[in-house]
Each structure stands twice: as C-alpha cells, then as structure tokens.
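Before any comments, here is the structure.
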Amino acid sequence: MSTLSSLFGRSPFIHIVEHGRKVEECVTRLSSLLSVVLNNGREEEIARLAKEVSALETEADDLRNKIHEALSGKLMLPVSRSELFDTVEQQDSMADMAEEIATSFTFRPLGLPDIIREEIAHFISIVLENCTLASGVISKVELLIRSSFAGRDAETTMKLINELRGRDDSTRDACLEATRKVYAASETLSPVEIILWVKIVSLLQELSAYSDKTANGIRIIIENQKS
C-alpha cells in the first residue's frame, strides 16, 4: 500500500466512488427512459422511469451529504478539499440534470416525429457516452489514492479525461444540429412541443457539460499532485 493510502485512508474517497456509481445508475435509468421516448413508448412507462430517476437522484444527494460531512472533519487529505468538493458538486449536478430531463418528459405527451428523430437520437447517444466516460474517470479514484495520484493509474485516468475533452466539438455540433431540426419542424410540432424539445436538448447539453467538469476536476487534482 502506498504511503498516502496508509496515511490518509479511504474516506471520503470511498464515498466519492459510491456517489459516482449512484450518479451513473441515475443516468442509466435516464437512458432507459430516453430509449422509451425514442421508440414512442407509453406515457405510463415514461412516468415510472422518471420516478425511478428522481429516487436515485435523492439517493445520490444522501451520499453527497456523507461526503460533505467527511470533508468538514479533521481527516487529513492528500488533495485540496476545495478541489475535491467542487468535483463532487459537479458530479452531483449530473444526477440533478438527469432528474430534470426525465421530469420534463412527464409535463405533457411529447411526440417525436421522424423529421427530428435521427438528430435527437444521435445527440442523446453522444451525451450518454460522455457520461459513461466521466463515470469511468471517477471509478479510478480509489486506484489513484493508492498510487498517490501518479504512475500508470494517473496516466490511464488522464487518457479517459482527454478522450472526453476531445469530444467537445462533436457534442456541440450535435446539439446545434438537433436544435436546428427542432425549430425546423414547425409544421409537425406545436409551439409548445418545440419549446419543450429545445429545453430538453439544452438540458442534455448541460448534463454533458457537467460530465466534462466532473472529469476535469479529477484532472486538476492529478496535475496539482505533480507540482
């Protein structure tokens, strides 16, 4: 076991990993809901999955509170408390966004005409992949603390972070194209449906942004250990 690991122990890092898994579960449930939407599924199924997303978001909040308690104590930490706290907040915002997106589909029946289906589906797939990459980064936290945020584990983690960052352009382009398609579907969608779809696309973009910020928080921690 490394010196840092034996000196500082696993807390609150174990809670951060647990929180990451809960956030990932929340996004995965959102993914199931979005799959139902893309396949014009039943409103009852969408409502059920939206409730499950909300329940998981609450569980994520509970884990976040445990981390806050750990960070507010006198436990020695090998990294900046503020950097760690900020990373957790960005990660928790992923669950918040997942809940808001899921809830948006329960406001009213929302059709998905063929004219926008391809672009919406493409954008959703990119956002969910970005979230998966961020979850992969957080899953490395325990390994990072054992290796003092250096060595091969840090290099592997940085590759994931850089891969996520390298997707910025494709994510933005897909968001813009999906938004354009929604506005262009005025003959198929009602004004209210257009407003709601634009909002959902924007929320998906925010979810993607928080996944990037979460990974970037770990990048900052790794880089600061080198200085």
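We did not get these values from a lab; they are worked out from the coordinates using the rules stated. All values reported here derive from a predicted model rather than from experimental measurement. For neighbour counting, all protein chains shown are included, and Cβ atoms are generated from backbone atoms with ideal geometry for every residue, glycine included.
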Just give me the residues in region 107-131 being over 16 Å from Leu38 (Cβ atoms) and surrounded by fewer than 16 Cβ atoms within 10 Å (Cβ to Cβ), in sequence order.
-> Phe107, Arg108
The number of residues in region 91-105 that are under 17 Å from Asn39 (Cβ atoms) and surrounded by fewer than 24 Cβ atoms within 10 Å (Cβ to Cβ) is 1
Of the candidates Ser54, Ser82, the one satisfying the condition of being within 24 Å of Ile195 (Cβ to Cβ), among the polar types (S, T, N, Q) and assigned to a helix (DSSP H, G or I) is Ser54
Those residues that are part of a loop (DSSP other than H, G, I, E, B) and loosely packed, with under 14 Cβ neighbours inside 10 Å, I need them from region 174-187; list them, please.
-> Ser186, Glu187
Selection from region 144-171 of residues that are surrounded by fewer than 17 Cβ atoms within 10 Å (Cβ to Cβ) and hydrophobic (A, V, I, L, M, F, W, C) = Ala150
